[in-house]
Ligand code: EPZ
């Protein structure tokens, strides 16, 4: 039975929530276990659908994944990954189509087994999201590619060789895929116009602990000197900066005061300065971030950019709080071509938003009003939760499987600090 999320708006938040491990760090770290046989303990993995799906993908490759420990507070897990039994090189369509990040096994499989057969990820709600830059980089490293029946088959007889790679666009998973392909290639690889996201640094530091030789992590040029072999390692996932940013915006919508335990403010500098411009009070200390809302927010303009710019993964969420800010806010999405699916749903809640090309012009209204809305993609669903927390009356959100891909126990975390939010079975329409 499909479930919906029900939110009674108008309740301010008070208390603290633990920020879980970052989804977009956990996925490439799990892929990196393909680079060396042995046992890995990956700590602080978030309890998310995408992590479960990625574990299933590793199991289809013959790897065993066991849960060593569960953190009661938020369901995060320490996973033990044993890759001694890696036996397949194929990532099947049925898994890849549910999670594009499956493409992250491509680089490590070619590096480890000299071949891979990975289903091409389809498009997705936010854009075409091709992987041409991943494939071009692998070809430069000597892989022979063959696109057949919706799969990419990659072969590297005699192994990959180092190459000079320059990305047209700083692709996050493209940088991760090719960094993993390069760590045991013959010679040096240079990735220019590399992405600089903290999740890439988390992966790169793990690879270095496994014996890789990488310089320039977090900059736009990464140098990788191929080594003969790597060894397994234990590794801890960094806190999720997008989850933390989402909760900061939940306070901005609902009001009150929230402490985000284990949130790492150094990964959110652009977001924190933008939110301070709206009038949100944000204090930082070594154990997390304290956020208080004092009065109606000021409208601000936002333009999404690659890290360290304002993250595209928080664009829908800040739009939800600009919907009731004082004044006009121009929100420009420069990363994905179709990441405004949440606009129509926010307008059902009474928001006054006009799309002009790659920008949404948001004219702040006094308040939103609850209504039935539909989640269209992961971050759009978070934006609807935020809007509903501050709206007058009840909102119901359907298709919430999108939300479960990237937010662990969101209704438990929000209810524990005063929100009125719960799941219930979707009643059939024609009753
Ligand atoms: C990663 O996706 C994240 N996912 C996304 O988070 C995030 O929105 C995105 O980076 C941008 O920050 C993971 O890390 C698992 P890109 P990715 O390659 O790597 C174009 C979420 O909500 N491009 O950096 O797929 C692409 O179309 C998700 O957690 C090419 O043209 O994004 C896009 O316009 C959503 N060719 C731009 O580059 C390529 O070969 C940036 O995409 C690759 C990318």
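The values are calculated or read from the model by the stated rules, or taken from the named source; none is laboratory data. What you see is a predicted model, and the numbers here were worked out from it, not measured in a lab. Cβ atoms come from the backbone with ideal geometry, glycine included; neighbour counts cover every protein chain shown.
Among the residues of segment 94-133, count how many are touching a strand residue (DSSP E or B) at 6+ places or on another chain (Cβ under 9 Å) and modelled with pLDDT of 90 or more.
16
State whether the residues of segment 170-184 include one that is more than 20 Å from residue 205 (Cα to Cα) and in the same structural domain as residue 208 (by TED's automatic domain parsing). Reasoning before the result, please.
Going through segment 170-184, the residues more than 20 Å from residue 205 (Cα to Cα) turn out to be none.
No, segment 170-184 contains no residue that is more than 20 Å from residue 205 (Cα to Cα) and in the same structural domain as residue 208 (by TED's automatic domain parsing).
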The condition from (1) within 12 Å of the ligand (Cβ to nearest atom); (2) assigned to a strand (DSSP E or B); (3) surrounded by fewer than 16 Cβ atoms within 10 Å (Cβ to Cβ) that residue 165 misses is numbered (3)
Filtering segment 60-72 for residues that are surrounded by 15 or more Cβ atoms within 10 Å (Cβ to Cβ) and within 22 Å of the chain's Cα centre (by Cα) leaves a count of 2
Within segment 89-123, the residues that are surrounded by 22 or more Cβ atoms within 10 Å (Cβ to Cβ), more than 13 Å from the ligand (Cβ to nearest atom) and under 22 Å from the mean Cα position of the chain (by Cα) are 91, 108, 118
Counting only residues in segment 177-205 that are closer than 20 Å to residue 114 by Cβ and within 12 Å of the ligand (Cβ to nearest atom), the one surrounded by the most Cβ atoms within 10 Å (Cβ to Cβ) is identified as 178
Of those in segment 345-363 that are assigned to a helix (DSSP H, G or I) and in contact with a helix residue (DSSP H, G or I) (Cβ under 8 Å, 6 or more places away or on another chain), the residue surrounded by the most Cβ atoms within 10 Å (Cβ to Cβ) is 346
Only one of 218, 245, 187 is under 22 Å from residue 305 (Cβ atoms) and assigned by TED's automatic domain parsing to the domain that holds residue 45, namely 218
Checked segment 147-162 for anything surrounded by 21 or more Cβ atoms within 10 Å (Cβ to Cβ) and within 16 Å of the ligand (Cβ to nearest atom); matches are 152, 154
Residue 395 vs (1) assigned to a helix (DSSP H, G or I); (2) crowded, with 23+ Cβ neighbours inside 10 Å: all pass except (1)
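Just for strands (runs of 3 or more DSSP E) wholly inside segment 10-106: which have at least 2 residues that are touching a residue at least 24 places away in the same chain (Cβ under 8 Å) and assigned by TED's automatic domain parsing to the domain that holds residue 386? If you could, list the steps in order and put the result at the bottom.
Values: elements: 13-18, 39-45, 64-70, 77-82.
Per the criteria, 13-18.
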